[in-house]
Amino acid sequence: MSFPEQYGMAPDHGGFPGGAYAAHPAFPGNELEEVMAASIDVPGAGARIVETLSRSHIWVPLPNGGGPDSPSLDLPTMEIEGGAYVPVFSSEQQFLQLVGSHMSFTVAPAVEFARGLPPQLGIAVNPGGAVVVPLPPPAVRELCRAGRTELDGLAPGGRVRLFEPDWQDEPVDFLAAAGIEFAKDTGVRTA
């Protein structure tokens with residue numbers, strides 16, 4: 001994944017000397033954090049969180065660094081109730097308080113980030129924070145569909161992974177799947 005807003009090491013937060021972000025905590029500091037805080041113990045608040053997340057940017061930790069020229073990003077994962085989740089943060093303040101300034105990160109629109117994830121991964125917003133929101137894979141699929149109208153047509157999954165494969169790798173899996181599909185159609189003799 002490549003996002004236009006790539007960052008290296010975290011800068012001093014808010015211009016405070018020495019990055020004194022802890023002296024000025026600001027939770028909730030944006031619309032997403034306000035919705036997360038208001039959703040505590042509220043049944044059915046998931047749809048509102050996904051809707052707000054669709055308009056938000058998230059801070060994604062990059063433990064091995066990364067940048068616009070990187071062929072891939074190494075994303076951390078964590079396990080929640082047997083499922084794999086990618087930790088993300090709702091603001092720079094939350095990222096710095098929960099992860100620290102020692103780790104590289106990127107800032108991305110939540111919808112674009114979700115569309116780049118494999119379908120079996122969930123997203124954990126602010127893990128270790130005061131308000132943690134785990135989005136399981138079905139909720140991430142809903143996030144991928146955000147912003148679509150009836151004119152856009154159906155969006156069955158919403159996730160698309162585009163990349164240029166290594167020229168040395170044979171597309172064995174693709175050719176096997178294509179062969180099975182072509183075998184079902186009696187009109188195709190060669191492919």
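Any read-out appearing in this document is the output of simple, stated calculations on the displayed coordinates, not a laboratory observation. None of the values given here were measured: they were computed from a predicted structure. Cβ: placed from backbone, ideal geometry, glycine included. Neighbour counts: every protein chain shown.
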message = Could you tell me how far the Cα centroid of segment 164-190 sits from the Cα centroid of segment 25-94, in Å?
response = 37 Å
ask   = Counting Lys and Arg as +1 and Asp and Glu as -1, what is the net charge of the other residues whose Cβ lies under 14 Å from the Cβ of G179?
value = -2
